[in-house]
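Enquirer: If you scroll down you'll find the structure; I have some questions about it.
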Amino acid sequence: MEMLGLIIGVIGGLTGIASAFFSWKEWQKTNRKIAMLTDSGGASEVLPAWYTSRMMTDHWLFGLVTTGGQIVVINRIKSVSDNSEWMDVELATKDESSSAAIYGPVVHAVADDRRVASLQIRNIVAALDLASS
C-alpha cells in the first residue's frame, strides 16, 4: 500500500514538473512583444532602402507585388514590425488604384474609411511606383 502511494506521488510530482515547464514556455511566447516601427530610420534595418526612403515618407501610389501575382495598391507604409514579418499599410481606394489594373489583379481598400491593412513581408516579391509626377 505504501509503495502504491509512493508511485502515485512520484507520478504526480513528474506531472507537476512537466506542467510547470510547458506553462513557462507558453508564458515566454506570450511575453514576447513585437514592436511596430513607425520611423523610416528604424524600418531601414528591416526593409530594403527603397521601401523606407520612399514608401514610409511619401504619400504616393505604390504597388506591392505578392507571391500570388496580385498588386496591393497602397499610399504608404505606416509601420513595420521589428521582427521583419509584418507591415501596416494605408491602402489606396478603388478610384485611386484604377490605373494599376494593367499590371495584374489589384487589391485595394473596400471603402475610403477602411484603408488600413497588415501584410506579411515574406509574401511581397516586388515594390513599384504606380504614378508619375
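Enquirer: Looking only at the stretch 77-127, count every residue that is within 19 Å of the chain's Cα centre (by Cα) and in a strand (DSSP E or B) and tell me the total.
Expert: Of the residues in the stretch 77-127, 21 are within 19 Å of the chain's Cα centre (by Cα) and in a strand (DSSP E or B).
Enquirer: Right, something else. In the stretch 37-53, is there at least one residue being surrounded by 16 or more Cβ atoms within 10 Å (Cβ to Cβ), at pLDDT 80 or above, under 19 Å from the mean Cα position of the chain (by Cα) and within 16 Å of Ala131 (Cα to Cα)?
Expert: Taking every residue of the stretch 37-53 in turn, none turns out to be surrounded by 16 or more Cβ atoms within 10 Å (Cβ to Cβ), at pLDDT 80 or above, under 19 Å from the mean Cα position of the chain (by Cα) and within 16 Å of Ala131 (Cα to Cα).
Enquirer: Just to be sure, is Lys78 crowded, with 16+ Cβ neighbours inside 10 Å, among the charged types (D, E, K, R) and modelled with pLDDT of 70 or more?
Expert: Criteria met by Lys78.
The values are calculated or read from the model by the stated rules, or taken from the named source; none is laboratory data. Nothing here was measured: the structure is a model prediction, and the numbers come from that model. Virtual Cβ from ideal backbone geometry, glycine too; neighbours counted across all protein chains shown.
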